[in-house]
Amino acid sequence: MDAKTAIKTNINMGSMVSTSYLDDLTDDEMMRRPHAECNHLKWQVGHLIASEHQMINGVVPGAMPALPAGFVERYSKETASSDDPAAFDSKEELMRVYAEQRAGTLAALEAIDNAALEGASPESMQAYAPTVESAFSMQGAHWLMHAGQWAVVRRQLGRPPLF
């Protein structure tokens, strides 16, 4: 298996697990916080989408589709404490934007030269994704890191474990 195939497998596995946890949740349920000091699920999903956009554009400038106007601002650290559902996108809109961004990520991965994967990421990403390859791999892992919190919310709602 080559590096691109391994990365794509990692991204797709993260997507399968994460979206499965979200599939049957309502907009109201996605406003739940797994703990008082955690972010609600809608904010987390928006954060993940904005982060993916930023990271992939960081290693492949211009590769990602544009985010909707105001998206990054709606899911910034400054909005994480808001419990106002009107301040965030609907689940349907979040999942639409996610699908666009993920398609952009996978297209950028497909188009990039294998040798370029070994290159250094921008300085701002060095602490968590020191190479282009690790920035792409982070897309599966980052979603899975948050999905652990979503499993807690599902249990709080009385839903059975999925995996």
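A short reminder: the numbers here are calculations on the coordinates, not readings from a lab. Keep in mind that this is a model prediction, so the values were computed, not measured. Using ideal geometry, Cβ is built from the backbone for each residue, glycine included, and neighbour counts are taken over all protein chains shown.
Calculated mean residue ellipticity at 222 nm for the chain: -18500 deg cm²/dmol, from DSSP H runs with n ≥ 4 weighted as -39500 (n - 2.57), summed, divided by the residue count and rounded to 500. Partners of Lys42 within straight-line reach, counting lysines whose Cα lies under 17 Å from its Cα and excluding those fewer than 8 residues away in the same chain: Lys77, Lys91. If only the Cβ of Lys and Arg carry +1 and only the Cβ of Asp and Glu carry -1, the dipole of the chain around its Cα centre is close to 400 debye.
The stretch between Ser20 and Tyr128 holds 36.3 nm of extra length on full extension. This uses 0.36 nm per residue minus the Cα-Cα distance.
Give the relative contact order (percent, whole number) for the chain; include only Cα pairs under 8 Å separated by 6+ residues.
Normalised by residue count, the contact order of the chain is 36 percent.
Farthest toward the positive end of the dipole of region 3-156, out of Ala147, Met30, Met125, is the Cα of Ala147, where the dipole comes from beta carbon charges about the Cα centre. Here Lys8 is the anchor, and no lysines lie within straight C-alpha reach of less than 22 Å, apart from those fewer than 8 places off in the same chain. Taking amide hydrogens as placed 1.01 Å from N in the peptide plane, the amide H of Thr131 sits under 5 Å from those of Ser121, each at least 5 positions away in sequence or on another chain.
Return the label of the correct value of Cα extents along the principal axes in Å, as calculated from the structure shown, out of [x] 107, 32, 23; [y] 87, 33, 20; [z] 47, 34, 27. Given [x] 107, 32, 23; [y] 87, 33, 20; [z] 47, 34, 27, the calculated one carries the label [z].
Fewest-first ordering of Tyr98, Tyr21 by other beta carbons within 10 Å of each residue's beta carbon gives Tyr98, Tyr21. Distance between the pseudo-spin-label points of Ala66 and Glu118 (7 Å out from Cα toward the beta carbon): 3.8 nm.
Figure legend: label point modelled 7 angstrom from the Cα of Ala99 along Cα→Cβ; residues of region 1-25 with amide N under 19 Å from it are 12-25.
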